[in-house]
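**Q** Sharing a structure here in structure tokens format.
The values are calculated or read from the model by the stated rules, or taken from the named source; none is laboratory data. Everything quoted here is computed from the prediction, not taken from an experiment. Using ideal geometry, Cβ is built from the backbone for each residue, glycine included, and neighbour counts are taken over all protein chains shown.
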Number of protein chains: 2
Amino acid sequence: MELMGTSLIGYGRGGVDGAPVRVKDPATGESLEPVYRVATPEEIDRAVALADRAAGLYRREPAVRRVALLRAIADGIEANRDEIVGRAMRETALTEARLVGELGRTTGQLRLFARVVEEGHWVDARIDHADPERKPVPKPDVRSMLEPLGTVVVFSSSNFPLAFSVAGGDTASALAAGCPVIVKAHQGHLGTSELVGLVVQEAAQRLGFAEGVFSLLFGSGRELGMALVKDPRVKAVGFTGSRSGGRALMDAAAARPVPIPVYAEMGSVNPVFVLPGAVAARGEVIAERLHGSVTLGVGQFCTNPGLVFVPEGQAGDRLVARLGELMAATPAGVMLTEDICRAYREGVETVAKLPGVRLVARGPREGAGLRGGTALFETDAASFLANRALGEEVFGPATLVVRCAGLEAMLESARVLEGQLTASVHGEADDWAGATELVDVLKSKVGRLVFNGLPTGVEVCEAMHHGGPYPATSDGISTSVGTRAIRRFARPVCYQDAPEPLLPEELRENNPRGLVRLVDGVIRLG
Amino acid sequence: MELMGTSLIGYGRGGVDGAPVRVKDPATGESLEPVYRVATPEEIDRAVALADRAAGLYRREPAVRRVALLRAIADGIEANRDEIVGRAMRETALTEARLVGELGRTTGQLRLFARVVEEGHWVDARIDHADPERKPVPKPDVRSMLEPLGTVVVFSSSNFPLAFSVAGGDTASALAAGCPVIVKAHQGHLGTSELVGLVVQEAAQRLGFAEGVFSLLFGSGRELGMALVKDPRVKAVGFTGSRSGGRALMDAAAARPVPIPVYAEMGSVNPVFVLPGAVAARGEVIAERLHGSVTLGVGQFCTNPGLVFVPEGQAGDRLVARLGELMAATPAGVMLTEDICRAYREGVETVAKLPGVRLVARGPREGAGLRGGTALFETDAASFLANRALGEEVFGPATLVVRCAGLEAMLESARVLEGQLTASVHGEADDWAGATELVDVLKSKVGRLVFNGLPTGVEVCEAMHHGGPYPATSDGISTSVGTRAIRRFARPVCYQDAPEPLLPEELRENNPRGLVRLVDGVIRLG
């Protein structure tokens, strides 16, 4: 595929009038070809107009067609794997193994949603039959199911150039739900975005979908994003990125004459609690696993553990010492973008100066390009409780150990935490009886509770929830991983006494799609 | 039960320091006893603090306990039916038959949610089992289900003193989900609110629930409401009322440091489309049914039909003439409150002066108290399309007929409609083939599509959806009637590799509650 640097608008291309932007190789600082063009206001309008027109047509496509589209995109990504991975390596400095894995996750997500749409149960079909004899008034026939919201705008993430980008989880779930998608590419990996965008565009066109079911816009800064979020034809937004970026979109969406939902995943510090039994039994093993999680992908994960609560005492000391050794011996990795690298370095400097904080270890910082050296800090529970800045995310391979005199200090610390994507608890069998209250407090703060594991490596499956109370996500209710994600882009539509031919297939009496439905209050398998 | 006029805070009472307010009998203008006291800032704080403390305890109550609470409230309301209905009649001027029916609906809702919680399937339990052998990394055990959000504030409606008030659908669904509830009583029926509040308070206390699981605050204006919505301990809001009131709450909730969801049902004009075959075959019957729906409860329903699209020509003329006769012959009913009556009268005057609008009929306006006389207006599709003010809600027994030259004019009109709770279409068998596009446009605008029926009389059942795109509701996704309403007050919580004893019952391996669960991607009946 040839990279052209112009936005993909419906089945055409944007022009070259927009301001030029380039992607740099973060490992070398070299500017990569081609020059990208920021989408102009006219181009944005064209993409939205096409999507708006396509929405009514795409909504009416039978499920089997949406399934075909999702699978064709997955196939197309696999067919172009080497080219996509090669470009992504240059743009992000992530390793080939990581990117091959992420590509597999991306196609896996697309196929998972294809299966969900093929099975069709997600629409939550419900039927309550009429009772013309009921007194004092006859009972009508009432049926309802989830139907698509309309055009969805997706903001790609910086740190997952494939799985949370052009054809990532937000796009897959929105297309699965029956919504056209306009993606704003992340400026860190425009070439990767264009390659994947071409795959989606080609698949949609080849299968004969209405033009506008997908567009990909290039841009930088927040102007493009704000124009999209404020457009009255846009019905929902998916976002993965920083808290400031996500909150700006939330505020703009809430201030619209017609507010729309913004599903923003804004990361978190993912606290890890090591209980007394666990630190005694296997503190050093936990240190090794923590090290792997903190430094994975140069720490650039929403689920990166940024706070570790460790008991005071010798066993805890050994855990911290071992973690420090490993961190100190970890070479500095290349970070994704200049902004991320700068913010990381500043974040580390800020934490180092906070009262009560001790630097345990810093890794080497040498190497060409945008290097992020590891950092391990330590503080005590009283300092942590006294200073909320210690609970803020530093995006990168740094973590802060909070030493706790006992479970009570852990519990108090848990109580002041903000909303989190995850919390992890390490315990032995005899730890759990004393940890009920801690687990209960953490449940109220997080989307996912991990036991004896690390938060990185989000499993893509039906039961996964990648969400959590604000500021981890915008709404605390939605997920951007796992099949519940499809529900974000749909709403119930109810039919009262509808003639059979006007009902969607999913609600027809003879259940042609074999759906699980709630009929007269009873769940019935197709 | 003795009315005291002070807020119900936990298992106690507010004081008499707050400003005094009184309810007037809208039929006579007489001030009713007792004097009510506006909740003071200290009382609001106490109610929220109690709810916040109760949240953690109530969340942990087993389902069977929540079921008992919901049923006890229903039983208590029935046991005090005569007293509650008698007071509501004086405060609202609604008829005894209506209020007895509404009371039955209210207890029916409570019992419906009791059944939903008893069955337990609503929690959407999901399990993906571990696979320690998977390459390249072992698969963890992942389980998730819906758990309660925390304290919910409910704003009672003016027009349903029972079914959308203190123990109405919002309260029932929030308590069912496991959330404490603080109700702001509507100033139009404070005595009814106190009576029902006492029933809830007594039931919760008798069954030994944590104090704060329910409070009822009296107040007027928006101060009390704003204090509640801005309180960081409040996690979600349910509201039924005006667009301006709902939007003010939405804006305040969105501007919080930690935004929360506001589920506001703000009413709509509920357009009715009469297709050519239907107007020819039974235009006068439709006129009679429309008249019943427009004037029901003095037109004070969110689902009151405020726009009727009727074909030009003689059959349509006969429909309009018959509807006019009936409207002109309808005595003026007593409206709920001074504000509602004033707004209705002003609304009718405003519509009468709009360009292209003809007054077809006005009913008599005589009678003591706050009377709202019927009004029937007519305009043409071109005027309707030229003036969006004609699509605005006039809350009361008025409606506007829009005459359309053909289906195309109906379609164009449908396209400019705002979001609606409902739309209704009247057609004969041979109308439907030509109405596909109209039905499709309406689907994208409404929460419920009614065929050959009227929108009033919302059936309370599993399949009902009482929602619709903004401005009908705040989010276009949630419903305040039907069992999906419980989901508004819950979010998924995910457990990874959790020790069995730390899992909620709903997620334990042996499925002790016999739930329908999604296990390894397959739906399994308990």
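**Q** From the list B:V199, B:V154, B:V117, which one is under 19 Å from B:L3 (Cβ atoms) and either within 13 Å of chain A (Cβ to nearest Cβ) or at pLDDT 95 or above (or both)?
**A** Values: B:V154 fails: under 19 Å from B:L3 (Cβ atoms); B:V117 fails: under 19 Å from B:L3 (Cβ atoms).
Exactly one residue qualifies, and that residue is B:V199.
**Q** Residue check, B:G447 against (1) touching a Leu at 6+ places or on another chain (Cβ under 9 Å); (2) farther than 30 Å from B:A281 by Cα; (3) facing another protein chain (nearest Cβ under 7 Å), all met but one. Which one?
**A** B:G447 satisfies all of (1) touching a Leu at 6+ places or on another chain (Cβ under 9 Å); (2) farther than 30 Å from B:A281 by Cα; (3) facing another protein chain (nearest Cβ under 7 Å) except (2).
**Q** Right, another one. In segment B:122-140, which residues are facing chain A (nearest Cβ under 9 Å) and either modelled with pLDDT under 95 or crowded, with 18+ Cβ neighbours inside 10 Å (or both)? Break it down stepwise before answering.
**A** Taking segment B:122-140 and keeping what is facing chain A (nearest Cβ under 9 Å), we get B:124-128, B:136-137, B:139-140.
Matches in segment B:122-140: B:D124, B:A125, B:R126, B:I127, B:D128, B:P136, B:V137, B:P140.
**Q** Residues that are among the polar types (S, T, N, Q), more than 19 Å from B:R243 (Cα to Cα) and at the interface with another protein chain (Cβ under 10 Å from one of its Cβ atoms): does segment B:405-416 have at least one?
**A** First, the residues of segment B:405-416 that are among the polar types (S, T, N, Q): B:413.
So of that shortlist, the ones also more than 19 Å from B:R243 (Cα to Cα) come out as B:413.
After this cut, where a residue has to be at the interface with another protein chain (Cβ under 10 Å from one of its Cβ atoms) as well, the list is none.
Looking through segment B:405-416, none of the residues is among the polar types (S, T, N, Q), more than 19 Å from B:R243 (Cα to Cα) and at the interface with another protein chain (Cβ under 10 Å from one of its Cβ atoms).
**Q** So if I check each of B:P257, B:P305, which one is at pLDDT 95 or above, out of contact with any Lys or Arg (no Cβ under 9 Å at 6 or more places or on another chain), assigned to a loop (DSSP other than H, G, I, E, B) and buried (at least 18 other Cβ atoms within 10 Å of the Cβ)? If you could, list the steps in order and put the result at the bottom.
**A** Details: B:P257 fails: buried (at least 18 other Cβ atoms within 10 Å of the Cβ).
Being at pLDDT 95 or above, out of contact with any Lys or Arg (no Cβ under 9 Å at 6 or more places or on another chain), assigned to a loop (DSSP other than H, G, I, E, B) and buried (at least 18 other Cβ atoms within 10 Å of the Cβ) holds for just one of B:P257, B:P305, which is B:P305.
**Q** Among the residues in segment B:164-173, are any in contact with a strand residue (DSSP E or B) (Cβ under 8 Å, 6 or more places away or on another chain), farther than 19 Å from B:M266 by Cα and either among the basic types (K, R) or touching a residue at least 60 places away in the same chain (Cβ under 8 Å) (or both)?
**A** Looking for residues that are in contact with a strand residue (DSSP E or B) (Cβ under 8 Å, 6 or more places away or on another chain), farther than 19 Å from B:M266 by Cα and either among the basic types (K, R) or touching a residue at least 60 places away in the same chain (Cβ under 8 Å) (or both), one finds none in segment B:164-173, hence no.
**Q** Counting only residues that are without any contact (Cβ under 8 Å) to a residue 60 or more places away in the chain, give me the strands (runs of 3 or more DSSP E) lying completely in segment A:378-456 with at least 3 of them. Step through it out loud before you land on a result.
**A** On the way: elements: A:398-404, A:420-426, A:446-451.
Once the strands (runs of 3 or more DSSP E) in segment A:378-456 are filtered for at least 3 residues that are without any contact (Cβ under 8 Å) to a residue 60 or more places away in the chain, what remains is A:446-451.
**Q** Taking the stated definitions as given, is A:G482 within 33 Å of the chain's Cα centre (by Cα), more than 7 Å from every other protein chain (Cβ to nearest Cβ), of a type outside the set (D, E, K, R) and at positive phi?
**A** Values: within 33 Å of the chain's Cα centre (by Cα): yes; more than 7 Å from every other protein chain (Cβ to nearest Cβ): yes; of a type outside the set (D, E, K, R): yes; at positive phi: yes.
It is true that A:G482 is within 33 Å of the chain's Cα centre (by Cα), more than 7 Å from every other protein chain (Cβ to nearest Cβ), of a type outside the set (D, E, K, R) and at positive phi.
**Q** Could you list all residues from segment B:489-501 that are facing chain A (nearest Cβ under 9 Å) and at pLDDT 95 or above? Explain how you work it out, then say what you get.
**A** Our first condition is that a residue be facing chain A (nearest Cβ under 9 Å); within segment B:489-501, this holds for B:490-499, B:501.
B:A490, B:R491, B:P492, B:V493, B:C494, B:Y495, B:Q496, B:D497, B:A498, B:P499, listed by residue number.
**Q** Could we say that B:L296 is in contact (Cβ under 8 Å) with a residue 12 or more places away in the chain, in contact with a Ser or Thr (Cβ under 8 Å, 6 or more places away or on another chain) and surrounded by fewer than 23 Cβ atoms within 10 Å (Cβ to Cβ) here? Break it down into steps so the answer makes sense when it comes.
**A** On the way: in contact (Cβ under 8 Å) with a residue 12 or more places away in the chain: yes; in contact with a Ser or Thr (Cβ under 8 Å, 6 or more places away or on another chain): yes; surrounded by fewer than 23 Cβ atoms within 10 Å (Cβ to Cβ): yes.
Taking the combined requirement at face value, the residue satisfies it.
**Q** I've got another one for you. When the residues of segment B:229-254 are narrowed to those that are among the small types (G, A, S) and within 14 Å of chain A (Cβ to nearest Cβ), which ends up surrounded by the fewest Cβ atoms within 10 Å (Cβ to Cβ)? Full working, then the answer.
**A** Of segment B:229-254, the ones among the small types (G, A, S) are B:236, B:238, B:241-242, B:244-246, B:248, B:252-254.
Next cut, within 14 Å of chain A (Cβ to nearest Cβ) only: B:236, B:244, B:246, B:248, B:252-254.
Details: B:A236: 26, B:S244: 9, B:G246: 24, B:A248: 18, B:A252: 20, B:A253: 23, B:A254: 18.
Once the filter is applied, the top-ranked residue is B:S244.
**Q** Something else now. Looking at the structure I just gave you, is B:A210 modelled with pLDDT of 95 or more and in a helix (DSSP H, G or I)? Quick ask: steps written out before the conclusion?
**A** Details: modelled with pLDDT of 95 or more: yes; in a helix (DSSP H, G or I): no.
Considered against the rule, which asks whether it is modelled with pLDDT of 95 or more and in a helix (DSSP H, G or I), B:A210 comes out as no.
**Q** For segment B:351-368: of the residues being touching a residue at least 40 places away in the same chain (Cβ under 8 Å) and not in a loop (DSSP other than H, G, I, E, B), which is farthest from B:T295 (Cα to Cα)? Walk me through it before giving the result.
**A** Just the residues of segment B:351-368 that are touching a residue at least 40 places away in the same chain (Cβ under 8 Å), to begin with: B:351, B:357, B:360, B:368.
This time we only want the ones that are not in a loop (DSSP other than H, G, I, E, B), so: B:351, B:360.
On the way: B:V351: 18, B:V360: 16 Å.
This residue is B:V351.
**Q** Report, by residue number, each residue of segment A:457-479 that is facing chain B (nearest Cβ under 7 Å) and either closer than 17 Å to A:A167 by Cβ or of a type in the set (A, V, I, L, M) (or both).
**A** A:A463, A:M464, A:I477
**Q** Is at least one residue of segment B:246-266 in the same structural domain as B:G150 (by TED's automatic domain parsing), without any contact (Cβ under 8 Å) to a residue 12 or more places away in the chain and on the phi > 0 side of the Ramachandran plot?
**A** Among the residues of segment B:246-266, not one is in the same structural domain as B:G150 (by TED's automatic domain parsing), without any contact (Cβ under 8 Å) to a residue 12 or more places away in the chain and on the phi > 0 side of the Ramachandran plot, which makes the answer no.
**Q** Is it the case that segment B:213-222 has a residue that's free of Cβ contacts under 8 Å to residues at least 40 places away in the same chain, farther than 18 Å from B:G246 by Cβ, surrounded by fewer than 24 Cβ atoms within 10 Å (Cβ to Cβ) and assigned by TED's automatic domain parsing to the domain that holds B:G101?
**A** Of all residues in segment B:213-222, those free of Cβ contacts under 8 Å to residues at least 40 places away in the same chain come to B:221-222.
Of the ones still in play, those that are also farther than 18 Å from B:G246 by Cβ are none.
No, segment B:213-222 contains no residue that is free of Cβ contacts under 8 Å to residues at least 40 places away in the same chain, farther than 18 Å from B:G246 by Cβ, surrounded by fewer than 24 Cβ atoms within 10 Å (Cβ to Cβ) and assigned by TED's automatic domain parsing to the domain that holds B:G101.
**Q** From the set of residues in segment B:235-254 that are assigned to a helix (DSSP H, G or I) and among the small types (G, A, S), which is farthest from B:G150 (Cα to Cα)? Don't jump to the end; show me each part of the working.
**A** Taking segment B:235-254 first, the residues assigned to a helix (DSSP H, G or I) are B:243-254.
Within this subset, residues satisfying the condition of being among the small types (G, A, S) are B:244-246, B:248, B:252-254.
On the way: B:S244: 26, B:G245: 23, B:G246: 21, B:A248: 22, B:A252: 19, B:A253: 15, B:A254: 18 Å.
Top of the filtered list is B:S244.
**Q** Looking for something of a type in the set (S, T, N, Q) and touching an Asp or Glu at 6+ places or on another chain (Cβ under 8 Å) - is there at least one such residue anywhere in segment A:500-523?
**A** From segment A:500-523, those of a type in the set (S, T, N, Q) are A:510-511; that's our starting set.
If we keep only those that are touching an Asp or Glu at 6+ places or on another chain (Cβ under 8 Å) as well, we get none.
No, there is no match, as no residue in segment A:500-523 is of a type in the set (S, T, N, Q) and touching an Asp or Glu at 6+ places or on another chain (Cβ under 8 Å).
**Q** While we're on this one: For segment B:485-496, give me each residue that is among the charged types (D, E, K, R) and either under 18 Å from B:L507 (Cβ atoms) or over 15 Å from the mean Cα position of the chain (by Cα) (or both).
**A** We begin by selecting, within segment B:485-496, every residue among the charged types (D, E, K, R); these are B:487-488, B:491.
Within segment B:485-496, B:R487, B:R491 qualify.
**Q** Then there's this: Taking the criterion of being over 28 Å from B:P469 (Cα atoms), free of Cβ contacts under 8 Å to residues at least 40 places away in the same chain and over 20 Å from the mean Cα position of the chain (by Cα), would at least one residue in segment A:457-477 satisfy it?
**A** no
**Q** Another question, then. Please enumerate the residues belonging to segment B:487-502 that are crowded, with 18+ Cβ neighbours inside 10 Å and assigned to a loop (DSSP other than H, G, I, E, B).
**A** B:A498
Yes/no per residue for (1) of a type outside the set (S, T, Y); (2) crowded, with 21+ Cβ neighbours inside 10 Å:
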| position | (1), (2) |
| --- | --- |
| B:L376 | yes, yes |
| B:F384 | yes, yes |
| B:N387 | yes, no |
| B:A405 | yes, no |
| B:A409 | yes, no |
| B:T422 | no, yes |
| B:E437 | yes, no |
| B:G457 | yes, no |
| B:S474 | no, yes |
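**Q** A further question follows. Can you confirm whether segment A:211-228 contains a residue that is under 22 Å from B:D251 (Cβ atoms) and within 14 Å of chain B (Cβ to nearest Cβ)?
**A** No, that holds for no residue.
**Q** Of everything in segment A:182-198, what is within 13 Å of A:A39 (Cβ to Cβ) and of a type in the set (A, V, I, L, M)? Give them in sequence order.
**A** The first filter runs over segment A:182-198 and keeps only residues within 13 Å of A:A39 (Cβ to Cβ), leaving A:182-185, A:187, A:190, A:193-194, A:197.
Of everything in segment A:182-198, those that are within 13 Å of A:A39 (Cβ to Cβ) and of a type in the set (A, V, I, L, M) turn out to be A:I182, A:V183, A:A185, A:L190.
**Q** Next up: For segment A:508-524, which residues satisfy the criterion of being in contact with a strand residue (DSSP E or B) (Cβ under 7 Å, 6 or more places away or on another chain), surrounded by fewer than 23 Cβ atoms within 10 Å (Cβ to Cβ) and more than 7 Å from chain B (Cβ to nearest Cβ)?
**A** The answer is A:N511, A:V519, A:D520, A:R524.
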